[in-house]
1. For a quick check of your reading of the model, give me the residue pairs whose first member lies in the stretch 504-516 and is farther than 13 Å from S441 by Cβ and in a loop (DSSP other than H, G, I, E, B), whose second is polar (S, T, N, Q) and at pLDDT 95 or above, with beta-carbon atoms closer than 7 Å and at least 6 apart or on different chains.
2. Within the set of pairs 6+ apart or on separate chains, which have a first residue in the stretch 29-55 that is open to solvent by 20 Å² or more (accessible area, probe 1.4 Å), a second that is among the small types (G, A, S) and at pLDDT below 50, and C-beta atoms under 8 Å apart?
3. Only one residue in R600, R624 is open to solvent by 30 Å² or more (accessible area, probe 1.4 Å) and in contact (Cβ under 8 Å) with a residue 40 or more places away in the chain, so which one is that?
4. Does W524 satisfy the criteria of being of a type in the set (F, W, Y), under 21 Å from V62 (Cβ atoms) and either in contact with a Pro (Cβ under 9 Å, 6 or more places away or on another chain) or open to solvent by less than 40 Å² (accessible area, probe 1.4 Å) (or both)?
5. May I ask you to list pairs of residues, at least six apart or on different chains, whose Cβ atoms are under 9 Å apart, with the first in the stretch 123-135 being within 9 Å of L55 (Cα to Cα) and the second being β-branched (V, I, T) and open to solvent by less than 10 Å² (accessible area, probe 1.4 Å)?
6. Identify all residues within the stretch 67-88 that are farther than 29 Å from S277 by Cα and in contact with an Asp or Glu (Cβ under 9 Å, 6 or more places away or on another chain); write none if there are none.
7. Can you tell me which residue among Q390, Q327 is at pLDDT 85 or above, open to solvent by 50 Å² or more (accessible area, probe 1.4 Å) and either farther than 30 Å from D476 by Cβ or within 33 Å of the chain's Cα centre (by Cα) (or both)?
8. Need pairs with beta-carbon distance below 6 Å; first residue farther than 18 Å from N587 by Cβ and among the acidic types (D, E) and within the stretch 428-451, second open to solvent by less than 20 Å² (accessible area, probe 1.4 Å) and in a loop (DSSP other than H, G, I, E, B); sequence gap 6+ or separate chains.
Amino acid sequence: LFLAILFVIGWAASARIYAEDRGITVKGKKGAAAAPISNAKYYALIIGNNNYKNLPKLKTAVADASEVEKILKEHYSFETKLLLDATRKEILSSINDFRKKLGQNDNFLIYYAGHGEFEKISGKAYWLPVDAQKDDPVDWIMADDITSSIKRIASRHILVVSDSCYSGTLTRAAATDLTTKGSREEFVKKMMERPSRTLMASGGNEPVADEGSGGHSVFAAAILDALEDADKNVFTAEEMFHSRVKVVVAGKSEQVPEYNDIRNSGHEGGDFVFQHSKPVKETAQEASVQPPDLGVQPEPIAPAQAPKDIDFSLEGLEKKSMEREKQLSIKSEKTRLAALTQKMQTAFNKVIEFEKKKISPDDKAEAWKYFKDTFNEDNPYSQEDDAMRQKAKERMDYWLAMAKRPKGASGKGIEGMIFVKGGCFEMGDTFGDGESYEKPSHAVCVADFYMGEAEVTQAEWQDIMGNNPSYFKDCDTCPVENIAWNDVQEFINKLNQKTGKKYRLPTEAEWEYAARSGGKKEKWAGTSAESEIGEYAWYGDNSEKKTHPVKQKKPNGLGFYDMSGNVWEWVSDWYNDRYYESSPKNNPIGPSTGSEHALRGGSWLDNPKRLRLTGRSWHYPVYRDNRFGFRLASSAR
């Protein structure tokens, strides 16, 4: 279990000792003055591998990488590239792409989360891409490869962050003390002037944990807290490590993290310096530490000129006074309406929480009606109030419909099944940006069928099974999750016994045909524009790390909700990543046997790439996860 962890950079560590001092080392001249701080740009390549094809899957690597990217972009203005479930080629090619664009004054951070391996015979450390084979290093990435890549990058500062088993195996030498007893300002200036190549590793020659708290590893959680709650505007990676990371990780787990320079890579005693893009509150002592003066001269200030020809006429003053009173009146009205809209937002959030409680649909509908009636004054300076009133009407109508819906246990079945007229379409990657297991695209025809307009909810599961296994509880209309494929089969059997109907899971082909609004060439459910994803899906950028009630976002062209995002959806097929090569044209149902079942659609945690309608995932039929749910289907005949 421990080996299945965020393995971020054992390689870079290995490179410290074993890389030969050959190849092209691109670096600034010793003693050269550092570039002005305003010219320094920050870049990051962030890698998180969970869904290994041939090794045990990890749980937190993708979440860790995604959250690190978000904080670096929002708090530190990094230009980032996020790789999830990346292959050897994708990782090395991405590093090479950054090499081509990075300048001598730039800063480059590499973050890796995934499996790591230490090969005892050769004494080498490796990263394991998602397609790596056990005991077969042909597709592994050796630490020497990372060091060789780093030596060819012109950036002044490079930081490698590694959260993995044995990530510090090759950094057993005493760590360089980068601190100074002088002023922080002088210290930071020196660290910025001198080139640096450093490694922050989650542990030494030891396993490290895949899970810690809050859905993150212990090491990743410490880094995220340190970056998010920084108490200085400018600080070095070494300062962050010793003050915020090492003590937390070592205190909460068996692993002891390490921070060292990467040997034979161009390190000259500097350190990676973080600069907060949003100034934080500092103590008086800290506020005195400003970004170092590296030679930038301020622009001369022109002397103030005396005003000329000032109009002192009473007529002019009267006009100005009247205009001022008018503007003050408008400003006052805007302020009043803005305050009212803020109260409206607070009330809206209260109703959202209220509807998650286990109370009758009628009461929930009444709560939304009361909200609409209370906040009926229009704010002409904003559209937020209109959007909330429209959403309130939609939720009120939904709960009124739910109040009239017969329960599944009553024998009436599950309502909200949409008839899908069968047809032919091109299944698989038709945009050319998919993974190998989404290819080749191939012609498929499906017969008429029915499918649920929404994912099965916690209330519907409770109605049939008498329990609620969901991780995100107390939300009757949120999708049921934390369920295995086998659990779904038990639910369907009981539902069919009580209703006399023949519900089932959709096939992969049926699911993709319906998700594509009847086989159209759409990238996400309802749209092919990445800028519009948030209108149709709950995903990593807008979900607040949880599921949401179904049918809150826009439906696709056939009326199906949440087919991108909210939860991954189990389908009936056994999974085989090469099945598309031999799939029959008419009504394919997947391989006849297998060890894992397919999932489609992406979840509340994922990025846009994982939400694509041709994307596929898979897991064992007994595996439960708070990202996994389902929707029902039935044959038309």
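The values are calculated or read from the model by the stated rules, or taken from the named source; none is laboratory data. Fair warning: this is a prediction, and the values are worked out from it, not measured in the lab. Note that each Cβ is placed from the backbone with ideal geometry, even for glycine, and that neighbours are counted across all protein chains shown. Note: accessible area is taken over every heavy atom of the protein model, side chains too, but ligands, DNA and RNA are not part of it. Shrake-Rupley method; radii C 1.70, N 1.55, O 1.52, S 1.80 Å.
1. Between residues of the stretch 504-516 that are farther than 13 Å from S441 by Cβ and in a loop (DSSP other than H, G, I, E, B) and residues that are polar (S, T, N, Q) and at pLDDT 95 or above, the close pairs are L505/S572; P506/S572; T507/S572.
2. Pairs that qualify, where the first residue is open to solvent by 20 Å² or more (accessible area, probe 1.4 Å) and the partner is among the small types (G, A, S) and at pLDDT below 50, are A33/G295; P36/G295; L55/A4.
3. On the way: R600 fails: open to solvent by 30 Å² or more (accessible area, probe 1.4 Å).
Criteria check complete, one pass: R624.
4. Yes: the conditions hold for W524.
5. A132/I141
6. Within the stretch 67-88, D85, T87, R88 qualify.
7. Working: Q327 fails: at pLDDT 85 or above.
Being at pLDDT 85 or above, open to solvent by 50 Å² or more (accessible area, probe 1.4 Å) and either farther than 30 Å from D476 by Cβ or within 33 Å of the chain's Cα centre (by Cα) (or both) holds for just one of Q390, Q327, which is Q390.
8. Qualifying pairs under 6 Å: D429/T614; E438/G428; E438/D429; E438/T614.
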